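Every read-out reported here was derived from the displayed coordinates using simple, explicitly stated rules and does not represent laboratory data. Bear in mind that the values here come from a model prediction, so they are computed numbers and not experimental data. Virtual Cβ from ideal backbone geometry, glycine too; neighbours counted across all protein chains shown.
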Amino acid sequence: MPTPVPASARPLPRATAALLCLAVSWIHVQDQGGFPGDKTPHYVGVGYYLLEAAGVVCALLLLAGSRLSVSRTTAYPVGWLLAAGVALGPLLGFVLSRGPGLPDYSDDKGNWTEPLALISVAVEGTLLIMAVLAVLAAVRTAQATAGPRLPSGSAAR
């Protein structure tokens, strides 16, 4: 019986997520005024740079179909895990910067309807949903192909 291919390993979802990761990076380059950009305070600018780099690395990992093996039977889809972070980080930043605000950064406080930010939220939300579903599918497939397990403490006879 052939091993089932999880959705997280199929080329179309991986390519779509890779494009979304690159879109997250591009949106944040645009928001900081190009590259190298000028986002103050300094920690916000550094966060933008890290996010932009993570988006590019994640796109490459997704296209390569990279998996992180933690044992002979378990491998995690590292590209999809990073994609969840690429989506979740800026979503959290969006809420914090517009809600309570961030230290020394009030430029966006209360600015919930900025067009580029709304596009960013849509892209990041789509990427997050795809990443969560892909990781769950990979876990289910890994569990299905691992076979039955003995209860802990019992020995095979």
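Starting from 0 in steps of 10 Å, tell me what percent of the Cα-Cα pairs of the stretch 87-127 lands in each bin.
Distribution as computed: 32, 55, 13, 0 percent.
Take each of the peptides 38-50, 125-137, average the number of other beta-carbon atoms within 10 Å over its residues, and list them starting from the highest. Walk me through the numbers on the way to the answer.
Numbers: 38-50: 13.8, 125-137: 18.5.
Final packing ranking: 125-137, 38-50.
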